[in-house]
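J.: Below are the structure tokens for one structure; questions will follow.
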Amino acid sequence: MTVKLAKCSIGDLIKLQEVSIETFNDTFKDQNSPENMKTYLEKAFNTIQLEKELSNLNSEFYFIYYDEETAGYLKINVNEAQSEQIGDESLEIERIYIRNKYQGKGLGKHLINKAMEIAVAQNKKSIWLGVWEKNDNALGFYKKIGFIQTGAHSFYMGDEEQIDIIMTKTLL
């Protein structure tokens with residue numbers, strides 16, 4: 001087993017879109033209406049939106065490869081790219097998306113470690129993320145590795161308001 005991370009560029013746009021739609025759909029389709037899923041996927045992962053995110057100097061994407069196969073990705077944000085204004089001393093992990101067949105192989109931990117490495121290099125004091133309150137697997141994972149609940153915010157899946165738990169980990 002080999003695990004490799006690589007920073008994404010504009011040239012990765014189509015692959016990023018494919019992995020985004022696949023992983024989001026696989027994770028959340030059973031808990032949401034088909035109409036809300038379609039609306040969200042078209043809005044969040046269209047090529048114009050993803051190109052805008054890839055071009056933002058305060059955001060970075062990293063693909064994770066498992067035995068040379070694209071297994072998922074990480075998206076981080078700093079400064080005004082953060083989805084909540086937590087502060088300049090924080091780094092947001094906006095997305096950790098792992099394809100289903102690569103779940104349970106420790107890849108999420110690799111991506112968290114990459115985010116922490118970047119945060120430390122940028123002298124950030126904490127990292128934070130939002131997790132859907134009904135995503136028990138993710139909530140358990142983040143708690144296990146030292147994140148604590150520090151708040152909540154609304155997330156819209158189509159026309160349905162959902163609650164994301166904000167979790168934060170202080171860096172030493």
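The values are calculated or read from the model by the stated rules, or taken from the named source; none is laboratory data. Every value quoted in this text rests on a predicted model; they were computed, and no experiment measured them. So basically every Cβ, Gly included, is an ideal-geometry build from the backbone, and we count neighbours across all protein chains shown. SASA here: full protein model, heavy atoms, side chains in, ligands and nucleic acids out. Shrake-Rupley method; radii C 1.70, N 1.55, O 1.52, S 1.80 Å.
J.: Within the stretch 61-71, how many residues are in a strand (DSSP E or B) and open to solvent by 40 Å² or more (accessible area, probe 1.4 Å)? If you could, list the steps in order and put the result at the bottom.
T.: Kept after step one, since they are in a strand (DSSP E or B), are these residues of the stretch 61-71: 61-66, 69-71.
From the residues that got through so far, the ones that are open to solvent by 40 Å² or more (accessible area, probe 1.4 Å) too are 69.
Count: 1.
J.: Now a separate question. From the residues in the stretch 33-76 that are among the β-branched types (Val, Ile, Thr) and within 15 Å of TYR97 (Cβ to Cβ), which one is nearest to the chain's Cα centre (by Cα)? Please lay out each step first, then the result.
T.: At the first step, the residues of the stretch 33-76 found to be among the β-branched types (Val, Ile, Thr) are 39, 47-48, 64, 70, 76.
Then keep just the ones that are within 15 Å of TYR97 (Cβ to Cβ); that gives 64, 70, 76.
Numbers: ILE64: 12, THR70: 15, ILE76: 7 Å.
If we take residues in the stretch 33-76 being among the β-branched types (Val, Ile, Thr) and within 15 Å of TYR97 (Cβ to Cβ), then ILE76 is nearest to the chain's Cα centre (by Cα).
J.: Going by the structure shown, is LEU41 free of Cβ contacts under 8 Å to residues at least 40 places away in the same chain, open to solvent by less than 60 Å² (accessible area, probe 1.4 Å), farther than 17 Å from GLY130 by Cα and not polar (S, T, N, Q)? If you could, list the steps in order and put the result at the bottom.
T.: Numbers: free of Cβ contacts under 8 Å to residues at least 40 places away in the same chain: yes; open to solvent by less than 60 Å² (accessible area, probe 1.4 Å): yes; farther than 17 Å from GLY130 by Cα: yes; not polar (S, T, N, Q): yes.
Taking the combined requirement at face value, the residue satisfies it.
J.: Of all residues in the stretch 1-43, how many are of a type in the set (D, E, K, R) and not in a helix (DSSP H, G or I)? Spell out how you get there, then give the answer.
T.: Just the residues of the stretch 1-43 that are of a type in the set (D, E, K, R), to begin with: 4, 7, 12, 15, 18, 22, 26, 29-30, 35, 38, 42-43.
Remaining after also requiring not in a helix (DSSP H, G or I): 4, 7.
Total satisfying the criteria: 2.
J.: Any residue in the stretch 1-20 that's touching a residue at least 40 places away in the same chain (Cβ under 8 Å): show its pairings with residues that are among the β-branched types (Val, Ile, Thr) and open to solvent by 40 Å² or more (accessible area, probe 1.4 Å) at Cβ separation under 7 Å, as long as the two are six or more apart or on different chains.
T.: Going by the 7 Å Cβ cut-off, the qualifying pairs are LEU13/THR47.
J.: Suppose we filter LEU57, LEU74, LEU50 for residues that are assigned to a loop (DSSP other than H, G, I, E, B) and either under 19 Å from ALA6 (Cα atoms) or aromatic (Phe, Trp, Tyr) (or both); which single one remains?
T.: Going through LEU57, LEU74, LEU50 in turn, just one is assigned to a loop (DSSP other than H, G, I, E, B) and either under 19 Å from ALA6 (Cα atoms) or aromatic (Phe, Trp, Tyr) (or both): LEU57.
J.: Mind listing just one residue for me: the one in the stretch 1-32 that is of a type in the set (A, V, I, L, M) and open to solvent by less than 40 Å² (accessible area, probe 1.4 Å) and, of those, farthest from ALA71 (Cα to Cα)?
T.: As a first pass, look at the stretch 1-32 and keep what is of a type in the set (A, V, I, L, M): 1, 3, 5-6, 10, 13-14, 16, 19, 21.
Next, from what is left, pick out any that are open to solvent by less than 40 Å² (accessible area, probe 1.4 Å): 6, 13, 16, 19.
Values: ALA6: 12, LEU13: 16, LEU16: 11, VAL19: 8 Å.
Among residues in the stretch 1-32 that are of a type in the set (A, V, I, L, M) and open to solvent by less than 40 Å² (accessible area, probe 1.4 Å), the one farthest from ALA71 (Cα to Cα) is LEU13.
J.: Scanning for something surrounded by 14 or more Cβ atoms within 10 Å (Cβ to Cβ), among the hydrophobic types (A, V, I, L, M, F, W, C), assigned to a helix (DSSP H, G or I) and at pLDDT 95 or above, does the stretch 119-132 turn up at least one residue?
T.: Start the filter on the stretch 119-132 by keeping residues that are surrounded by 14 or more Cβ atoms within 10 Å (Cβ to Cβ), which leaves 119-120, 124-132.
Then drop every residue that is not among the hydrophobic types (A, V, I, L, M, F, W, C), which leaves 119-120, 127-129, 131-132.
From what's left, assigned to a helix (DSSP H, G or I): 119-120.
From what is left, the residues that are at pLDDT 95 or above are 119-120.
Yes, the stretch 119-132 contains a residue that is surrounded by 14 or more Cβ atoms within 10 Å (Cβ to Cβ), among the hydrophobic types (A, V, I, L, M, F, W, C), assigned to a helix (DSSP H, G or I) and at pLDDT 95 or above.
J.: When the residues of the stretch 137-162 are narrowed to those that are under 22 Å from PRO34 (Cβ atoms) and either in a helix (DSSP H, G or I) or of a type in the set (S, T, N, Q) (or both), which ends up most open to solvent (accessible area, probe 1.4 Å)? Full working, then the answer.
T.: First, pick out the residues of the stretch 137-162 that are under 22 Å from PRO34 (Cβ atoms): 154-162.
Retained after the next criterion (residues that are either in a helix (DSSP H, G or I) or of a type in the set (S, T, N, Q) (or both)): 154, 162.
Working: SER154: 57, GLN162: 10 Å².
Only one residue fits best here, namely SER154.
J.: Same structure, new question: Could you check the stretch 79-109 and list, in sequence order, the residues that are outside any strand (DSSP E or B) and either crowded, with 21+ Cβ neighbours inside 10 Å or in contact with a Cys (Cβ under 7 Å, 6 or more places away or on another chain) (or both)? Give the steps one after another, and end with the answer.
T.: The initial filter retains those residues of the stretch 79-109 that are outside any strand (DSSP E or B), namely 79-89, 99-109.
LEU107, GLY108 - these are the residues of the stretch 79-109 that are outside any strand (DSSP E or B) and either crowded, with 21+ Cβ neighbours inside 10 Å or in contact with a Cys (Cβ under 7 Å, 6 or more places away or on another chain) (or both).
J.: Next question, about the same structure. Contact list please: Cβ distance under 8 Å, first residue in the stretch 117-144 and closer than 21 Å to ARG99 by Cβ, second residue small (Gly, Ala, Ser) and buried (at least 17 other Cβ atoms within 10 Å of the Cβ), pairs at least six apart or on different chains.
T.: Close Cβ pairs satisfying both conditions: VAL131/ALA138; TRP132/ALA138; PHE141/GLY108.
J.: Kindly indicate the residue of the stretch 23-32 that is of a type outside the set (Val, Ile, Thr) and within 16 Å of the chain's Cα centre (by Cα) and also farthest from GLY11 (Cα to Cα) among those meeting that condition. Even if it seems obvious, please write down each step before you answer.
T.: If we filter the stretch 23-32 for residues that are of a type outside the set (Val, Ile, Thr), which is where we start, we get 24-26, 28-32.
If we keep only those that are within 16 Å of the chain's Cα centre (by Cα) as well, we get 24-26, 28.
Numbers: PHE24: 21, ASN25: 23, ASP26: 25, PHE28: 27 Å.
Among those residues, the one meeting the criterion is PHE28.
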